[in-house]
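The values are calculated or read from the model by the stated rules, or taken from the named source; none is laboratory data. If you're wondering where the values come from, they're calculated on a predicted model, not measured in any experiment. All Cβ positions, even for glycine, are placed from backbone atoms using ideal geometry, and neighbour counts span all protein chains on display.
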Amino acid sequence: MALKGRGVVAAWILRRQEEDHSATARAAGRCGMLPGSCSPWGTLCVALLILSSQLTLAQKGRKKVVHVSEDDSGAVVVQTAPGKVVTHRGGTIILPCRFHYDVSAHDPDEIRLKWTKMVEPMSFEDVFVAMGRERRAFGSYRGRTALQEDGSGDASLIIRNVTLQDYGRYECEVTNELEDDAGMVKLDLEGLIFPYHPRLGRYTLNFHEAQKACLEQDGILASYDQLHEAWLEGMDWCNAGWLDDGSVQYPISKPRDECGRKDTPVGVRNYGYRHKNDDRYDAFCFTSNLNGKVYFLKTYRKLSFPEAIQACENNGATVAKVGQLYAAWKIQLLDKCEAGWVGDGSIRYPIVNPRARCGGREPGVRNLGFPDKKYKLFGVYCYKP
């Protein structure tokens, strides 16, 4: 029964494909092709639909419904939130899920409620399980999750102190003896994307190194949905970067010859799915709000990188990571026309209100590169929880 509760994935992938096609048309030529021409979902979707059909024939009585209130017969089983639920890092969120069953025919203590998180199209990790009075959370969800249990049939999951890693799609599965049903809930986070490459230079990260680099700078690899939203808000970046699904893409709002020709359409351009070990690109990282404060530390003189680390520690803080500086710029509106060290050994500064002497006409986090850590002297941005 390894595939129990997974037939819903096929319906979700089909719906995702339709959403992608619609978004592609609105973006006026994502990938510079016709809608769907650069998406690998089609073949996978067909295969999964065939698999789902075979499972249905082999296991009569099992039914999968994705966040709908009733099927063709009018029998309500599982309801989850259409669309998505949104919170921010550090917040508390409820993933809605309700179920209905024949009370006269089944003992409530025999019903199993299971929450899992989709990590790949056919791969899930356990989050929370309940049966009768027994409750169990798994992994990083221990101590942060509980059932809401607001009346009979409420399987909604409460997640406290939400982390960046909590972002994604969750499945609520209700099992009663041999019958089960499931629905999907998408948990989204308020935040922002920042492009990243390390000291070694551009296009030096394979997929796994990109994942690690984002984590080290207080972020996670961004999803396509997050990158597309950033593009809709005006993000323009000429260098291709890894996303969390293993694809390589980049957002272009201002077509130009050095970024794939001036006559190509705007949109999120897609290199497709690349080899995770061998191919090398930059990374698009995602971060959310801060559970602390980033500030420029006033010192009586400029500092080397080792001195900057010590200065922040003496102030009860740490050198701010790149993602923390971006979050402070975007969310806390940190505006400082002073170049300073950040955690990866680069020199950056955040500008909310552009002015001539502060590096250009657009707001953003300015990047002056990776100078010699021992001999070059600058200010420092510190982070205090």
When residues of segment 351-367 are limited to those that are closer than 19 Å to Tyr196 by Cα and in contact with a Gly (Cβ under 8 Å, 6 or more places away or on another chain), the one surrounded by the fewest Cβ atoms within 10 Å (Cβ to Cβ): Arg366
Name, by its number, the condition in (1) in a helix (DSSP H, G or I); (2) more than 30 Å from Phe284 (Cα to Cα) that does not hold for Ser140. (2)
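Within segment 244-277, count every residue that is among the hydrophobic types (A, V, I, L, M, F, W, C) and more than 24 Å from Pro363 (Cα to Cα). Working first, answer last.
If we filter segment 244-277 for residues that are among the hydrophobic types (A, V, I, L, M, F, W, C), which is where we start, we get 248, 252, 259, 266, 268.
Next, from what is left, pick out any that are more than 24 Å from Pro363 (Cα to Cα): 248.
Matching residues across segment 244-277 total 1.
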Scanning segment 216-234 for residues that are out of contact with any Cys (no Cβ under 9 Å at 6 or more places or on another chain) and aliphatic (A, V, I, L, M), the one surrounded by the fewest Cβ atoms within 10 Å (Cβ to Cβ) turns out to be Leu232
Yes or no: segment 289-301 includes at least one residue that is touching a His at 6+ places or on another chain (Cβ under 8 Å) and either at pLDDT 95 or above or not in a helix (DSSP H, G or I) (or both). yes
Test Asp225 against the stated conditions and say whether it is within 25 Å of Met118 (Cα to Cα) and part of a loop (DSSP other than H, G, I, E, B). no
When you scan segment 266-288, how many residues do you find that are more than 18 Å from the chain's Cα centre (by Cα) and either modelled with pLDDT under 90 or small (Gly, Ala, Ser) (or both)? 2
Quick check on this structure: which one of Glu229, Glu177, Glu216 is at pLDDT 95 or above, touching an Asp or Glu at 6+ places or on another chain (Cβ under 9 Å) and farther than 22 Å from Ser123 by Cβ? Glu216
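Would you check which residues across segment 354-374 are aliphatic (A, V, I, L, M) and either outside the structural domain of Glu307 (by TED's automatic domain parsing) or at pLDDT 95 or above (or both) and list them? Give the steps one after another, and end with the answer.
At the first step, the residues of segment 354-374 found to be aliphatic (A, V, I, L, M) are 356, 365, 368.
Within segment 354-374, Val365, Leu368 qualify.
Might you let me know whether segment 200-209 holds any residue that is in the same structural domain as Gln249 (by TED's automatic domain parsing), part of a helix (DSSP H, G or I), more than 14 Å from the chain's Cα centre (by Cα) and crowded, with 20+ Cβ neighbours inside 10 Å?
Of the residues in segment 200-209, the ones in the same structural domain as Gln249 (by TED's automatic domain parsing) are 200-209.
Narrowing the set further to residues that are part of a helix (DSSP H, G or I) leaves 207-209.
Now drop any that are not more than 14 Å from the chain's Cα centre (by Cα), which leaves 207-209.
Now restrict to residues that are crowded, with 20+ Cβ neighbours inside 10 Å: 207.
Scanning segment 200-209, I find at least one residue that is in the same structural domain as Gln249 (by TED's automatic domain parsing), part of a helix (DSSP H, G or I), more than 14 Å from the chain's Cα centre (by Cα) and crowded, with 20+ Cβ neighbours inside 10 Å, so the answer is yes.
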Residues of segment 302-319 being part of a loop (DSSP other than H, G, I, E, B) and of a type in the set (A, V, I, L, M), in sequence order, are Ala317
How about segment 232-245: which of its residues are modelled with pLDDT of 95 or more and touching a helix residue (DSSP H, G or I) at 6+ places or on another chain (Cβ under 6 Å)? Trp242, Leu243
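Please pick out the residue among Glu171, Glu149 that is in the same structural domain as His88 (by TED's automatic domain parsing), in a strand (DSSP E or B) and either of a type in the set (D, E, K, R) or in contact with a Cys (Cβ under 6 Å, 6 or more places away or on another chain) (or both). Let's see the steps before the verdict.
Numbers: Glu149 fails: in a strand (DSSP E or B).
Checking each option against the conditions leaves just Glu171.
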